[in-house]
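K.L.:
Pasting a structure below so you can have a look.
The values are calculated or read from the model by the stated rules, or taken from the named source; none is laboratory data. Everything numeric here is computed off the predicted structure, so don't read it as measured data. So basically every Cβ, Gly included, is an ideal-geometry build from the backbone, and we count neighbours across all protein chains shown. Note: areas computed on protein heavy atoms with side chains; ligands, DNA, RNA excluded. Shrake-Rupley method; radii C 1.70, N 1.55, O 1.52, S 1.80 Å.
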Amino acid sequence: IQQCVMSQKSSLVDYYKKNNIKNYIFEFDKNILELILSSNLAITRCGASTTAELVHTLTPFIAVPLPYSIDNHQYLNAKYYENKGYCWLLEQNNFNTENLFNLIIETIKNKNKLENIRENMKKNYNKNVYADIENEIKEFI
């Protein structure tokens, strides 16, 4: 399952077809939550909303922060979650096929790694997170 921009879609579809890989490539899907919930592992940039949604859905992830984000905020988001044991951090300058492959194989060979991350997420799980954020905003206003 891969989200992409329109200009990438046809080449990704061709790649997966050529390599006989079952896939779902999309630009936008109104059921994104269902897609996240059906995933064992996500590979993602590190915007605040995306990483928070992954943690909220207890989805382990490989964080690849955009290196040129304003004030390096994506790296800081990723580092925060890595320090809590919620993800693996793979900086773009170290991002290559071999490093990504090895990390994915590591999670496949040792299922406990994914479960340990889920357990770390559960320890700090807050089912009222969205209500809490709304209340914080109301207090601020």
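K.L.:
Does the range 76-141 classify as rounded, prolate or oblate by the C-alpha gyration tensor (a ≥ b ≥ c root eigenvalues; a/c under 1.5 gives rounded; else a/b over b/c gives prolate, otherwise oblate)?
P.N.:
oblate
K.L.:
Give me a comma-separated list of calculated 3J(HN,Hα) values for the range 3-17, in order, Karplus coefficients 6.51, -1.76, 1.60 applied at θ = phi - 60°, integers in Hz, x for any Gly or Pro.
P.N.:
Listing the rounded values in order: 8, 8, 8, 3, 5, 9, 4, 5, 5, 5, 4, 4, 4, 5, 5 Hz.
K.L.:
Where in the chain is the longest stretch that carries no trypsin sites (Lys or Arg not before Pro) classed as loop by DSSP and with at most 13 other Cβ atoms within 10 Å?
P.N.:
Values: sites that count: Lys22, Lys30, Lys127.
Excluding the exposed sites themselves, the longest stretch runs over 31-126.
K.L.:
Going toward the positive end of the dipole of the chain, with +1 on Lys and Arg Cβ and -1 on Asp and Glu Cβ, which of Asn72, Leu103, Ile43 do you reach last?
P.N.:
The one lying farthest along the dipole's positive direction is Leu103.
K.L.:
So, how do all the Cα-to-Cα distances of the range 1-113 break down into 5 Å bins, in percent, from 0 on up?
P.N.:
2, 10, 19, 21, 25, 16, 6, 1, 0
K.L.:
Enter the angle in degrees (range 0 to 90, nearest 10) between the Cα long axis of helix 73-83 and the first principal axis of the Cα atoms of the chain, meaning the one along which they spread out most.
P.N.:
80 degrees
K.L.:
For the pairs Lys30/Lys113; Lys79/Lys122; Lys30/Lys127; Lys22/Lys122; Lys22/Lys79, flag any whose C-alpha to C-alpha distance is greater than 20 Å. Walk me through the numbers before you get to the answer.
P.N.:
On the way: Lys30/Lys113 30 Å; Lys79/Lys122 18 Å; Lys30/Lys127 22 Å; Lys22/Lys122 31 Å; Lys22/Lys79 32 Å.
Over 20 Å Cα-Cα: Lys30/Lys113; Lys30/Lys127; Lys22/Lys122; Lys22/Lys79.
K.L.:
How many Å² of accessible area per residue for the chain, probe 1.4 Å? Walk me through the numbers before you get to the answer.
P.N.:
Details: 10120 Å² over 141 residues.
Heavy-atom accessible area per residue stands at 72 Å².
K.L.:
Check each of the chymotrypsin sites (Phe, Trp or Tyr not before Pro) in the range 18-57 and keep only those in coil by DSSP with at most 12 other C-beta atoms within 10 angstrom; list them in order. Each step should come with its number before you reach the end.
P.N.:
Working: sites: Tyr24, Phe26, Phe28; in loops: Tyr24, Phe28.
Taking the range 18-57 and a limit of 12 other Cβ atoms within 10 Å, the loop chymotrypsin sites (Phe, Trp or Tyr not before Pro) found are Tyr24, Phe28.
K.L.:
Pairing the Cα long axis of helix 129-140 with the longest principal axis of the chain, what angle in degrees results, from 0 to 90 and rounded to the nearest 10?
P.N.:
50 degrees
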